[in-house]
Each structure stands twice: as C-alpha cells, then as structure tokens.
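A.B. asks: Right, I'll just put the structure down here and ask away after.
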Amino acid sequence: MTNCFTHPALILIIGALILPFVRGPLRKPYLFLVPLLSLAAVAGNSSMSGQFGIYQFLDWQLVFGRVDRLSSIFALIMALMAVVGTLYALHVDNAKEHIAAWFYVAGSLGTIYSGDYLSLFLFWEMMAFSSTFLIWFRRGEKSLAAGYRYLLIHTIGGIILLAGIMLRYQAVGDIAFTLMDVKNPELYTWLIMLGFGLNAAVVPLHSWLPDAYSEASFNGSVFMCAFTTKTAVYTLARGFAGFDILILLGVIMALYGVIYAVMENDIRKLLAWSIVSQVGYMVAAVGIGTELAINGASAHAVAHILYKGLLFMGAGSVLYMTGKTKFTELGGLYRKMPATMIFTIIGCLSISAAPFFAAFASKGMIISAGYEVHVNWASWLLMFGATGTFIYNGLKLPYYLFFGKSNCTAETWEKAGDPPWNMQMAMATSAFLCIAVGSAPVVLYGLLPHPVSYNPYNGYLISETLQLLGFASVAFFLLRRYLEPEDKICLDMDWFYRKGGSLFLWIAKHPLQWFDTAWGEAYRVVGLGPLMVISRFWSWFDWHGIDGVVDGIARCVRAIGGRVRAVQSGQIQYTIYFSATFAALILIAYVLFQLS
Amino acid sequence: MNKLIEYLSERIRTVVWTCYGILALVMAHSLYVDKSHAHSWAEQYIPFFWSIFGFAAAAAIIGFARWYGHSGIMTRPDYYDRDAEEEPAAASHGATSTDHA
C-alpha cells in the first residue's frame, strides 16, 4: 500500500487523454489497465485517513483528497464499477465513448474525495457534461433530444447548487464541505440540498433519469446507472444526514418508482424507474441519519451499484443483440440468451433482497434503522415498496423478457443470442459480487462508515423475507393478466417541460407570429407614411442644402481650375514667364510693404 | 439450461404444487420461529403476518398501477412525437446506429 494519496480521477483523466493515441492490439489491454490502476489508487487511499491534495486558490482552500471511511467505501465501489463497465464495453472501438465514460467516473470520484464546495462543483459539472455524451453516442434523434433535456435539467441543478454554495460562503465565510446544521436550515441549505437532490432523482425532480437512461447507448447506461445518483447519495450523506424531510422524500421516491416500473413496457426504462425507487431507500436512510441508517445507505449504494449494473448489462445485452427493449417486442428469450438470463435473474434476486443476494442485508439495515428511531410509518412503507420491487423486477422483468409469450419478430429472434465474451465476463463478475456481498455481508461491513452489529441471518428475518416473496409471487401469478405489458408510454413530470417546450413553440408560431405581423402592418400604415414625408424632407434638404454648398464649392473650384488651365499652354517658356511674373509681384509687394 | 426449463414447463402442474408445498412449509415455520426480532405487535401476534402482508401489498400495487395507468397516465408511444411529425425529419423508432443489431 502506498503512503501517498493518489487521485484516481487524475489517472482516469490522463488515461482518457492518451487513449486516442493507443491503437491496435494495445487498445484493449490499455482500456482494462487504466480503470484497474484507478481502482488500485482508491484501494491504496483507503488505508489512509485525513485531508490530502490541499491547494490555496485566492482566498479559498481547495481539498481534493478528503479520505475517511464514508468517502472510501463510495470511491471503492465507483472505481470497481469503472473496471466492470469498461470490461463490458471493451469491444467498443469508438475511443470517444470510453473517454466520456472515464471523465464521468473521474467526475464522480473527484466529487467523492472533495473536501470543499468549489472543487466539488467542478467535478459535479464534469459528471453532468461527460455523461450527456453517453446518451448522445447512441446517435438517434430521440437520444439527441433526451441528451439535451438531460443537460438542460442538470445545468439548472448546477446553477441551484452554485447559488446555494455562494449564499453559504457569504453567510459562513468558508467553502468547506461538511455536515450542515440541518436542525436550523437556511435558504442556502435548501438550495444545496435541492442541487444534490436533483442528481439523486428526488421526486419531483426525477424525470430526467428514466428519460435519459432509457435512451443512452447500451454501454453508456451501464455507467450512468451507477454514478450520478449514488454520488448524490454520498453528498447527501456527507452534508445532510439527519435532515428529516429526506425521510419523506425517500419514501415517496421508493413508492413512486415502484408504481411506474410496474406500468412500464421498456425494460431499460423499468430499470431506470427502479433506480428512483432504490435510491429512495438510501435518501430515506440519510434522512434517518443514525449510524445504522448511514451504514444502511452506504451498504445499499454498494449493493445497488452491483445489481443495477448487472441488470443494465443484461438489458444492454438484449438491446445490443436484438435492437429491441420493449416487452411487447421481446419474450421467450431463455432459449436464445441463456447466460444473459441467468445473470439477469441473479440481479433480479439481488434487488428483491432475497436471502444470500446483494440487497438482503442493506435493505434490512435501512428498514431496521427506521424502526430503531420509531419512524415506523417509513419502515412499513419501505417494506410495502420492497414487495413492489419484487413484483416488477423479481417477477415481471424475467417473466416477460425470458419466459412467457414470445413477441419477437422472425428477424429479432434470429438476431437474439448471448453477447460477446467480454460482456458476459462483466456480467459474471457482477453476478459473483452480488452473491458474495449477499452471502457474506461481513466483507461489506468491514468497509462501512460505522461499526456494525446488524445480523440479517436470523430465523425471523429469513422467515419474513420468504413469506413476503412467496406470497407476492402468488399474487403476481394470480393477477398477472393485469400486468400484461402494453405498447404505451407513461406520462410523468417531464410532461410539464416537454409540453411546456411545445407550448413555447406554439406561442412563438401562433400568437407571437400574429402579433409580429400585426405590428408590421400597423407600422406600415401608421409609421411608414410620416416616415416617408420626413425622409423626403431630408432628401430635399440634402439635395438643395448640403449638396448645394458642396456642389457650389465644387463649381467654384472647377471654374478656377478652368481659368488656371487656360493659362497653361504646356510650353515651358510660358510657365517660366507666369512663374517669374508671379514671383516679381510678390517681391514688389514685399519691398513696398517694407518701405511703408 | 434450456432442457431443464422445457422439462419443468412440461410438468408445470407439478412445479406449481411443489411451490405451494414450499409455501406451506414456510408458513408453518413462521409459527415456530423466534419472534424477538419483530418490530411490532402485529408481527408478533397475527399468524402468517408477512404472508398476508406480502400478498396484500402485491395485490394493492398491481391494482393501483393498473387503475393509475388506465386513468390516462399510459398513452400511445408517439405521444411526444406528434409535434416532431409535422416537421419533415420526424423522429424514427427502433434501433439506432450504434446498437449492434
């Protein structure tokens, strides 16, 4: 282990800048090496504690390396996901896609290690801008539009965050990124929380997430599902632990995401809604704010990145191989994509918090933390939401994608198959980690911010989970005709700004255009006549006044010139004669003047 | 794997009854399990509490999503494309250039 702080973001940024020059057989090893070095740097940093990379900039102290247990666990899972995500996209030739992904990860790691708001904001915006390209690289008109909406929303979020940071600096006088006084919130507290909350997809600021993640490239969405929201959860845990309002917002997210995911027809949009729901658990845990809750939020972030990455890789494999993402165009794929099916089902069991799979311990921690501080309503509703998670992700997704009726066309069926080796390898790695974290949560406990005494493997919790999952399955199979996917989209909060945009265009095309035409006509009738009279006067004045003076001078000069020309015969002797006469006249005049 | 799935599909009735049997065992186990970890009175004293909760919660979520979706929230896929369709270059559907297939 190194004793020197190495910033993993720097490795990724330098690696990304060199990448275009690394071609041929060296490209793939290089692609794998750079995120691996970044992971090694994070692992090295984790053995340290304190503040590193401190620079004085004007009046401010910038801290690029605040290392403690909270930053270390988030940085570790982000760096690990960068390795798995790059492995998944190893066969992608377009260097720009890898560059965008690495800058995105660098932004996330930079934010996590930032100890001040200025460097945090810098990395925060780096994340927003680089991730936009992961949407645009899918190169469809819908992706282009979704990318612009994503960028617009995150720019607004960035401005809100910056406003909060500036107000806080004015009030407090420093830019250190520490725990806020959440019991006495000021305007800047709300603004900064709003900025972080937008990236965490807090309802109603969440619509960018399903909109963008379902339109990103097949590999771009694997990166996007991990970094933006979980980095935001880290910032909330760092700055807003114990802020009560987050409990309510988290519970709303957990339930809202469930309902939309149950209705959804697009598999990647379903998974995106699932992120809203699962991040809700983390946000609620941050709101609870106790040691168990923060441990739960951190553990759930780790588990979530593992299983959600795996699920997006499964969905990405289906998209990559078939070009389709809708249940109504897929189905029965177990025959053609058996490996993808197994990996996806492991992800489904993990998100459902089944025993021995990733989220079993972490979700239990959050719910127990709620009971511990007597926020029972929140824990009950989160349990209710957990049942919904199993319905849409544990049952609906695998059933309608891999089993059930096949809606594939002959062409889709022909194309379907397990993806290239590197994509399967990435899924296998994530699946292994999902089972490892679920079966031996002690490994994860060792990394959590606070000491852990929570043990999910007792008879009661296992009985509770098996009953919950078992009878939710019974309800699913009895009522599944009501869940039959339909080729429809679900209207959400983005309706307001998408239709708002259309309304703006309509206003520009109709009332504003009419007003412009009417104004032009009025100007022509009322304004143009007098203007023509005035113009004619000035024309007359110009012709007779100004031109008269100018032309008079010109005529005078021309007349003098004519006279002068008359005395010029072109013969040298006449010229000498006139010159001598003129000189003699001047001389005589001078003498007479001197004599007088 | 495919053969196993097809083998089970052909014997779906047996699979379903086996699942019901497992559920019955889980319910029976819940009567004897140590409930000192329970958080509420209901968990401790209502038999098969989590079985009832799981079924009721799933049914409520499915029912609510169905009602909510069909109350106007679910709409045609080209809902947002209508304005774009007026333009010559209307948005296209399906796979795009970087999708493999």
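The values are calculated or read from the model by the stated rules, or taken from the named source; none is laboratory data. Everything numeric here is computed off the predicted structure, so don't read it as measured data. Every residue, glycine among them, receives a Cβ derived from its backbone with ideal geometry; neighbour counts consider all protein chains shown.
A.B. asks: Scanning the stretch B:9-23 for residues that are facing another protein chain (nearest Cβ under 10 Å) and among the aliphatic types (A, V, I, L, M), which turns out farthest from A:Met365 (Cα to Cα)?
C.D. replies: Restricting to residues being facing another protein chain (nearest Cβ under 10 Å) and among the aliphatic types (A, V, I, L, M), the top hit is B:Val16.
A.B. asks: Let me ask something additional. Under 37 Å from the mean Cα position of the chain (by Cα), aliphatic (A, V, I, L, M) and part of a helix (DSSP H, G or I), is that true of A:Leu528?
C.D. replies: Criteria not met by A:Leu528.
A.B. asks: Tell me, yes or no, whether the stretch A:46-61 has at least one residue that is assigned by TED's automatic domain parsing to the domain that holds A:Glu97 and touching a Pro at 6+ places or on another chain (Cβ under 7 Å).
C.D. replies: The answer is no; no qualifying residue exists.
A.B. asks: Moving on to the next point. Given the residues A:Leu397, A:Leu461, A:Leu381, which is the only one that is within 8 Å of chain B (Cβ to nearest Cβ) and assigned to a helix (DSSP H, G or I)? Let's see the steps before the verdict.
C.D. replies: On the way: A:Leu397 fails: within 8 Å of chain B (Cβ to nearest Cβ); A:Leu381 fails: within 8 Å of chain B (Cβ to nearest Cβ).
Answer to the check: A:Leu461.
A.B. asks: Just a yes or no: is a residue in the stretch A:204-219 of a type in the set (A, V, I, L, M) and more than 24 Å from A:Gly347 (Cβ to Cβ)?
C.D. replies: Going through the stretch A:204-219, the residues of a type in the set (A, V, I, L, M) turn out to be A:205, A:209, A:212, A:216.
Going one step further and asking which of them are more than 24 Å from A:Gly347 (Cβ to Cβ), we end up with A:205.
Yes, that holds for at least one residue.
Yes/no per residue for (1) closer than 30 Å to A:Ser317 by Cβ; (2) in a helix (DSSP H, G or I):
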{"site": "A:Ala9", "(1), (2)": "yes, yes"}
{"site": "A:Phe52", "(1), (2)": "no, no"}
{"site": "A:Arg66", "(1), (2)": "no, no"}
{"site": "A:Ser71", "(1), (2)": "no, yes"}
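A.B. asks: Using beta carbons and a limit of 7 Å, which pairs, at least six apart or on different chains, have the first residue in the stretch A:478-492 and in a helix (DSSP H, G or I) and the second one crowded, with 17+ Cβ neighbours inside 10 Å?
C.D. replies: A:Leu479/B:Ala59; A:Leu479/B:Ile62; A:Tyr482/B:Ile62; A:Tyr482/B:Arg66
A.B. asks: Any residue in the stretch A:352-380 that's in contact (Cβ under 8 Å) with a residue 12 or more places away in the chain and in the same structural domain as A:Ser430 (by TED's automatic domain parsing): show its pairings with residues that are buried (at least 24 other Cβ atoms within 10 Å of the Cβ) and not in a helix (DSSP H, G or I) at Cβ separation under 6 Å, as long as the two are six or more apart or on different chains.
C.D. replies: What qualifies is A:Ala359/A:Ala353; A:Phe360/A:Ala353; A:Lys363/A:Ala353.
A.B. asks: Please go through the stretch A:324-367 and give me each residue that is of a type in the set (Gly, Ala, Ser), over 20 Å from A:Ala472 (Cα atoms) and not in a helix (DSSP H, G or I), ordered by number.
C.D. replies: A:Gly331, A:Gly332
A.B. asks: On the basis of being assigned by TED's automatic domain parsing to the domain that holds A:Val318 and surrounded by 17 or more Cβ atoms within 10 Å (Cβ to Cβ), does A:Tyr457 make the cut?
C.D. replies: Judged against the criteria, A:Tyr457 is not a match.
A.B. asks: How many residues are surrounded by fewer than 17 Cβ atoms within 10 Å (Cβ to Cβ) and either in contact with a strand residue (DSSP E or B) (Cβ under 6 Å, 6 or more places away or on another chain) or away from chain B (no Cβ under 14 Å) (or both) if we restrict to the stretch A:413-427?
C.D. replies: Residues meeting the conditions: 2.
A.B. asks: Restricting attention to the stretch A:31-54, report how many residues are aromatic (Phe, Trp, Tyr) and buried (at least 16 other Cβ atoms within 10 Å of the Cβ). Walk me through it before giving the result.
C.D. replies: Step one: of the stretch A:31-54, the residues aromatic (Phe, Trp, Tyr) are A:32, A:52.
Next, only the ones that are buried (at least 16 other Cβ atoms within 10 Å of the Cβ) stay: A:52.
Adding up the residues that qualify gives 1.
A.B. asks: Do the conditions hold for A:Met313, that is, is it among the aliphatic types (A, V, I, L, M), in a helix (DSSP H, G or I) and more than 10 Å from every other protein chain (Cβ to nearest Cβ)?
C.D. replies: For A:Met313, the condition - among the aliphatic types (A, V, I, L, M), in a helix (DSSP H, G or I) and more than 10 Å from every other protein chain (Cβ to nearest Cβ) - is met.
A.B. asks: Which of the residues spanning the stretch A:400-412 are buried (at least 18 other Cβ atoms within 10 Å of the Cβ) and not in a loop (DSSP other than H, G, I, E, B)?
C.D. replies: A:Tyr400, A:Leu401, A:Phe402, A:Thr412
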